1. Let me confirm something: among ALA219, ALA254, which residue is surrounded by 17 or more Cβ atoms within 10 Å (Cβ to Cβ) and either of a type in the set (A, V, I, L, M, F, W, C) or free of Cβ contacts under 8 Å to residues at least 40 places away in the same chain (or both)?
2. I'm trying to understand the selection: among the residues of segment 197-237, which are β-branched (Val, Ile, Thr) and assigned to a helix (DSSP H, G or I)?
3. Name the helices (runs of 4 or more DSSP H) wholly inside segment 313-418 in which the number of residues that are touching a strand residue (DSSP E or B) at 6+ places or on another chain (Cβ under 7 Å) is 1 or more.
4. Residue by residue through segment 51-80, note down the ones that are within 10 Å of HIS277 (Cβ to Cβ) and among the acidic types (Asp, Glu).
5. One residue is enough: does segment 230-245 have a residue meeting the conditions more than 20 Å from ALA63 (Cβ to Cβ), surrounded by fewer than 21 Cβ atoms within 10 Å (Cβ to Cβ) and either of a type in the set (Ser, Thr, Tyr) or touching an Asp or Glu at 6+ places or on another chain (Cβ under 7 Å) (or both)?
6. Could you tell me which of the residues LEU209, LEU175 is hydrophobic (A, V, I, L, M, F, W, C) and modelled with pLDDT under 95?
7. Just to check your reading of the model, which residue among PHE294, PHE286 is surrounded by fewer than 23 Cβ atoms within 10 Å (Cβ to Cβ) and modelled with pLDDT of 95 or more?
8. Among (1) modelled with pLDDT of 95 or more; (2) surrounded by fewer than 18 Cβ atoms within 10 Å (Cβ to Cβ); (3) assigned to a helix (DSSP H, G or I), there is one condition GLY104 misses while meeting the rest; what is its number?
Amino acid sequence: MKYSAVLLGSMALSASAFPAVMQMSDAILKARNLEQAAELHKRAEEEKRQLPDPTAAQALSQARGNCGVIPCTVFDATEQYVSNTGEHAYASPAADEIRGPCPGLNAAANHGYLSRSGILTIENTIEGLGAAYGMSVDLAGFLAAYGIIFDGDPVAGTWSIGGPLPTNQITKGLLGQGQGISWSHNLYEGDSSIARPDAYLNNGDAHSLDVDRFRDAYAATDSRYPGRYTLDSFAQNFAKKSDESVATNPYFFAAPFSTTLVSPAAYNFVINFMSNHTAEEPNGYFDGEQFKTFFAIEGDSPADFKWLPGQEKIPDNWYRRTSTNQYNAANVFTDLIPSFLAYPSSFKLGGNTNGVNTYAGISLADFTGGAYNLTTLLDPKGTQGACFLAQVAQAGIPDFANLPLQQITPVTDLINNFLTPIAGDLSCPEVGAFDQTLFNKYPGHTYRPTGPDTNY
């Protein structure tokens with residue numbers, strides 16, 4: 001009896017002490033993670049210091065036209081005119097039609113260049129984005145395939161430009177219901193958007209437009225061209241907003257694909273795909289009226305701006321870029337390189353570690369096991385950009401090893417037909433493995449909001 005009392009007392013003491021022990025262990029682990037993050041950040045900053053002085057790069061960034069590094073020099077009104085009448089007349093989306101965070105996709109769907117349902121196949125994506133914006137087959141196919149694999153339905157071959165796809169009872173239990181790009185945080189969608197809030201700062205909603213963020217971008221005109229926007233002026237706006245994310249979002253995380261690459265590329269997409277082209281300006285121009293129309297903003301002055309959800313439109317009398325200079329997957333990186341070199345702080349791989357303003361970066365050398373470094377990746381004469389884009393896009397693909405063959409085949413087909421080919425015949429560095437364990441130090445790495453079955 002005495003023994004039992006002592007034993008029970010010992011057990012009670014251990015139980016009461018256990019939370020304190022756990023808290024101590026958590027504190028030790030957190031301190032160790034922060035120390036390791038600080039060491040990794042030092043190496044990332046040293047890697048960035050090896051880049052050339054940004055002064056010359058800023059001049060090159062400013063020299064770019066609205067067709068990117070490769071200028072558009074021809075104009076054919078018949079070939080480049082984008083109709084917004086007849087079968088392509090604007091129609092506000094019905095209650096069961098999906099719209100999401102990308103104004104270009106929304107506008108193309110509202111005019112019937114993409115399926116008005118908002119649920120797309122690869123074929124519809126390639127045809128529609130080519131007709132509406134002059135996007136190349138390889139880039140449109142890549143973006144669609146990535147959306148299908150990560151946020152869509154690989155078996156049906158569909159993806160959503162907004163929220164969750166209709167439930168497929170055959171595949172839901174195996175692959176999970178596709179959440180669409182509205183709820184693809186750290187996979188497709190990332191922080192520091194041009195007009196959408198960081199997901200964590202808006203209760204997981206990164207697809208609804210923030211009018212204040214739009215006002216900030218609307219003010220980011222190029223001082224050399226009053227009332228107009230350029231790749232360089234938007235590169236500066238992205239650098240500003242990525243720094244704001246660090247300062248305001250404790251869960252800010254720059255995942256290698258969604259935020260390090262896709263977020264700044266989205267700013268470039270606005271210029272490359274939404275600029276109007278004329279015989280006098282074949283390279284294109286982008287002004288405030290076009291900006292508001294594509295982003296579904298009404299109001300004559302910034303103080304009066306109001307967002308109209310899902311009402312994005314293609315402007316009247318609008319001409320896309322020439323088909324002789326379609327925007328392709330390689331162009332994505334050739335446009336990112338001048339921006340990163342001109343404004344090095346905008347290249348971020350890593351995130352906040354312990355609240356706001358605790359950003360710690362990761363060097364490419366650490367992340368890729370030495371296969372890449374920032375200097376060679378951003379070499380304007382090099383070819384590593386397409387390699388890195390293709391490789392890092394595949395790095396996060398789930399392991400389907402335990403799925404039946406009929407479920408694996410659609411995924412491998414998408415990889416082989418649309419992701420891998422963007423590197424072409426380039427001799428790419430061999431990456432043994434991307435060290436994604438380095439991301440465990442960032443709270444934002446595991447932040448995965450999921451969406452309701454409603455769409456605007």
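1. On the way: ALA219 fails: surrounded by 17 or more Cβ atoms within 10 Å (Cβ to Cβ).
Going through ALA219, ALA254 in turn, just one is surrounded by 17 or more Cβ atoms within 10 Å (Cβ to Cβ) and either of a type in the set (A, V, I, L, M, F, W, C) or free of Cβ contacts under 8 Å to residues at least 40 places away in the same chain (or both): ALA254.
2. Here is the first cut: in segment 197-237, the ones β-branched (Val, Ile, Thr) are 211, 221, 230.
Passing the criteria: only VAL211.
3. Working: elements: 329-342, 364-367, 374-377, 384-395, 405-414.
Result: 329-342.
4. Keep residues of segment 51-80 that are within 10 Å of HIS277 (Cβ to Cβ), which gives 66-67, 72, 74-77, 80.
Residue satisfying the conditions is ASP76 alone.
5. Let us first name the residues in segment 230-245 that are more than 20 Å from ALA63 (Cβ to Cβ), namely 240-245.
Retained after the next criterion (residues that are surrounded by fewer than 21 Cβ atoms within 10 Å (Cβ to Cβ)): 240, 243-244.
Among the residues that remain, those that are also either of a type in the set (Ser, Thr, Tyr) or touching an Asp or Glu at 6+ places or on another chain (Cβ under 7 Å) (or both) are: none.
Within segment 230-245, none of the residues are more than 20 Å from ALA63 (Cβ to Cβ), surrounded by fewer than 21 Cβ atoms within 10 Å (Cβ to Cβ) and either of a type in the set (Ser, Thr, Tyr) or touching an Asp or Glu at 6+ places or on another chain (Cβ under 7 Å) (or both).
6. Details: LEU209 fails: modelled with pLDDT under 95.
Answer to the check: LEU175.
7. Numbers: PHE286 fails: surrounded by fewer than 23 Cβ atoms within 10 Å (Cβ to Cβ).
Checking each option against the conditions leaves just PHE294.
8. (2)
The values are calculated or read from the model by the stated rules, or taken from the named source; none is laboratory data. As the structure is a prediction and not an experimental result, all values here were calculated from the model. As a convention, Cβ positions derive from the backbone with ideal geometry for all residues, glycine included, and neighbour counts pool all protein chains shown.
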